[in-house]
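All remarks here apply to the structure that follows.
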Amino acid sequence: MNWYESFFTGAALDLWRRAIPPEKTEDEARFLQVHLELEPGLKLLDVPCGNARLGIPIALMNCEVTGVDLSTEFLEEAARKAKQYEVEMNLIRKDMKDLDQENVFDGAFCMGNSFGYFDREVSNTFLSAISKSLKSGAHFILHTCMSAETFLVSGAEREWIKAGNMYMLIENVYDCRTSSVTTQYTFLQNGKEEQRTATHWIYTSGEICRMLDVVGFDVLHMFESTDEEPFTLGSDELYVVARKR
């Protein structure tokens, strides 16, 4: 079993809900609106969609959003939120790399640090599937906090994070042979402890651009934030905006 198939339950999801402030979601939704060139009626792919943190705001812009994720708990939450906001979303439980629709979507986004769950061969498969799913000229936005220019400059071996009344201990072990990092997460809340282990493959920004080029994308922009400052060595995040040829 791959680590991400069982990781996203319980405390891990509680931490994710609390770690991202509403202001960041609003900023990212506006960023997607601009760089996906959104108009009412467009078909968008949100993969993986999680609890539709961004899918709901995009659907509220009168776009048709399809969300793909493996977490049953998050998909159920996304369905409840869609009902609450009175928007339609097509929610599919599926591994993000197993997309099977071709030439359907007017745009796609992979947000929330999900890129890097796979090794290089499988990551290429994922990006190829994204490309095939998009119409010519459609934009794709990829976001990660785990590029080499970020993680290898500022990633700590051991770090505590606090979100509300929850604490998370991150302990990283980097493998130079595979350019991957294995992380032990310990979640502490109300006297209870949960642990998870995850693996991220580390890609340079240049490698990501080359991978996108191979599967039919032109990279238009590389930003370090939704404020559209250029991505540089040591930036905390990477937002790649690409267009399918």
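Just a few scattered comments:
- Percentage, to the nearest whole number, of Cα pairs in region 150-199 over 12 Å apart: 65 percent
- If you look at the Cα atoms of the chain, you get an Rg and a Dmax of 17.3, 53 Å.
- When the charge dipole of region 134-224 is built from unit charges on Cβ atoms (+1 for Lys and Arg, -1 for Asp and Glu) and taken about the Cα centre, the candidate among G155, W201, G191 whose Cα reaches farthest toward its positive end is G191.
- Direction-averaged projected area, Cα convex hull, region 69-205: 10.4 nm², rounded to one decimal.
- Subset of K81/K135; K24/K162; K83/K132; K43/K135; K43/K81 violating a 22 Å alpha-carbon distance limit: K81/K135; K83/K132
- Cut-off 12 Å between beta-carbons: net charge of the residues surrounding L42, Lys and Arg +1, Asp and Glu -1: -2
- Its relative contact order, with pairs defined as Cα atoms under 8 Å and 6+ residues apart, puts region 70-191 at 18 percent.
- Note: relative contact order over the chain, using C-alpha pairs below 8 Å and six or more positions apart, is 18 percent.
- Cα-centre dipole for region 1-87 with unit charges at Cβ (Lys and Arg positive, Asp and Glu negative), debye to 20: 160 debye
- In region 37-105, Rg over Rh equals 0.95, where Rg is the alpha-carbon radius of gyration and Rh the Kirkwood radius from pairwise Cα distances.
Just so you know, all these numbers are worked out from the coordinates, no wet-lab data involved. Model, not experiment: these values are computed from the prediction. Ideal geometry is used to build each Cβ from the backbone, glycine not excepted, and the neighbour counts take in all protein chains shown.
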